[in-house]
C-alpha cells in the first residue's frame, strides 16, 4: 500500500472512529486521556527508542496524561514538558503537513532539532524522511489552523 492509499484508508478509519466525538483536542489522546499510547516521551530522547511507560509514573501536560518508564524520566518531563512532548500534539507529523490529524504508531518516531515527531506508521515515516525540513515547515504553518479542530473536522474531505 502506498502513502496516498494509507492516508485515504486512515482518513476513512478516522472518520468512522471519531465521527461520534464532537470535542476538539490539541493533543492526541487515547483511552483514559493517555498520550502516545502510553509510551514514554523522554525515552525517545534518552535511549533513542520507543519504550512503554508505566501507570506508576505519570505526569499531565496540556490535558493529556503521559506515562514514563521511570521516576527519573517523569521528573525530567515535569521539569521541561515542552522539550519532551511530541510536536503537533502527538498527531502524525506528516498528516499535519497535509492539514489532517491522524493517530500514530509510537514506533514510527524521528527526532530532529531536538524535537519529537511521530508518524502514522513506518511507511508514512519513510515519506516523511524524504524531506523532513519541508514537511516540518508545512506542518508548522498548518498546525494553527487544525490544532483546535476535532479529528473528524480536521479530516473532512475538501468539497
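Go through segment 18-63 and give me each residue that's at pLDDT 95 or above, part of a helix (DSSP H, G or I) and crowded, with 19+ Cβ neighbours inside 10 Å.
If the condition is that a residue be at pLDDT 95 or above, part of a helix (DSSP H, G or I) and crowded, with 19+ Cβ neighbours inside 10 Å, then 36, 37, 38, 41, 42, 43, 44 are the ones that fit.
Which condition number in (1) at pLDDT below 95; (2) surrounded by 15 or more Cβ atoms within 10 Å (Cβ to Cβ); (3) in contact with a helix residue (DSSP H, G or I) (Cβ under 7 Å, 6 or more places away or on another chain) is the one that residue 10 fails?
Answer for residue 10: the failing condition is (3).
Where in segment 99-159 are the helices (runs of 4 or more DSSP H), entirely inside, with at least 3 residues that are loosely packed, with under 14 Cβ neighbours inside 10 Å?
On the way: elements: 122-128, 132-146, 151-154.
Qualifying helices (runs of 4 or more DSSP H): 132-146.
Quickly run through segment 64-98 and pick out the residues that are part of a loop (DSSP other than H, G, I, E, B), touching a strand residue (DSSP E or B) at 6+ places or on another chain (Cβ under 7 Å) and surrounded by 19 or more Cβ atoms within 10 Å (Cβ to Cβ). Let's see the steps before the verdict.
The initial filter retains those residues of segment 64-98 that are part of a loop (DSSP other than H, G, I, E, B), namely 69-70, 80, 85-86, 91-92, 98.
When the remaining residues are screened for being touching a strand residue (DSSP E or B) at 6+ places or on another chain (Cβ under 7 Å), the result is 69-70, 85-86, 92.
Within segment 64-98, 69, 85, 86, 92 meet the criteria.
The values are calculated or read from the model by the stated rules, or taken from the named source; none is laboratory data. Because the structure is predicted, anything quoted here is derived from the model rather than measured. For neighbour counting, all protein chains shown are included, and Cβ atoms are generated from backbone atoms with ideal geometry for every residue, glycine included.
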